[in-house]
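Here the structure comes first, spelled out in structure tokens, and everything after it is commentary.
Here, each number is a calculation from the coordinates, and none is a lab measurement. In this text, all values refer to a predicted model and were calculated from it rather than measured experimentally. Cβ placement follows ideal geometry from the backbone for every residue including glycine, while neighbour counts extend to all protein chains displayed.
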Amino acid sequence: MPHAIIVLNASDINQPDEEWGAEATKRRLFSAYREILRSRTLEPYVNSWRGRGRGKKLDTLEELFRMYYSSISVIRVPRPDRPMLVYRQVMKLYKEICGACRESRKKKQSLRMLFSEEEFHRYLQSAFDHFADNLHDPFDFVQTSVMNSPIPPDFGGNILKLAINVMTANAKSKRRGVLSAGSIFYELSFIVPSCIMLDKERQSRRGELHRSRDYYVLF
């Protein structure tokens, strides 16, 4: 998930020195807006995370933010009346940006999700095309990944397509909770052996069918 950095620009300069720290500013901001979690605007988002299949405990606005962002930082930048304070706060902002970039790169590298120069250009172009037509829907990295690296049309690729279709249908359904990847493939495990058996009979493939509990396995 991305990192969120909130900048309170042109802040009142008549603040105690301790109020210019990032942690103190964040605590004060979320404390001031703690009641907004009960607003009608945020109610659908809160209920979707508290609902069936997720069961998240959301008691504060910061906890709701953490459902969408890896971290949240808040920096005050004052009016230009105190140039040294402006410089100090801008340096804090720069430090937060660099730290977020390092953490994001480290996380992506551990998940083998770092883009090459060519891949980054394709994703950037796709993002520009998306937001040029639609400013309301988020950019779908998974769909773009499939477009750049199509799923192979073999048996494994078709099973993956089926899992993606199940995931998409489940996400659109409001009556069920969100299924995890493990639960989707567990349910598919009852269908896939039947497909293998049907393919074996149609193509007269060689191999022994072995019954193990409730599954047929082809050796």
Any idea which of Leu188, Gly21, Leu64 is furthest toward the positive side of the dipole for the chain, if Lys and Arg beta-carbons carry +1 and Asp and Glu beta-carbons -1?
-> Leu188
What full-extension length gain, to one decimal in nm, is calculated for Phe120 and Asp17 as 0.36 nm per residue of separation minus the Cα-Cα distance?
-> 32.9 nm
How about segment 1-92: which chymotrypsin sites (Phe, Trp or Tyr not before Pro) there lie in a loop by DSSP and see at most 13 other Cβ atoms within 10 Å?
-> Tyr33, Tyr68
In the structure shown, of Lys26/Lys107; Lys56/Lys92; Lys26/Lys57; Lys26/Lys106; Lys26/Lys108, the pairs separated by more than 28 angstrom at the C-alpha atoms are Lys56/Lys92
Set of aspartates and glutamates with alpha-carbon distance to Lys172 below 20 Å, sequence-local pairs under 8 removed | Glu43, Asp137, Asp140, Glu187
Before anything else, pin down the relative contact order of the chain: Cα pairs under 8 Å, at least 6 apart, normalised by residue count, whole percent.
-> 20 percent
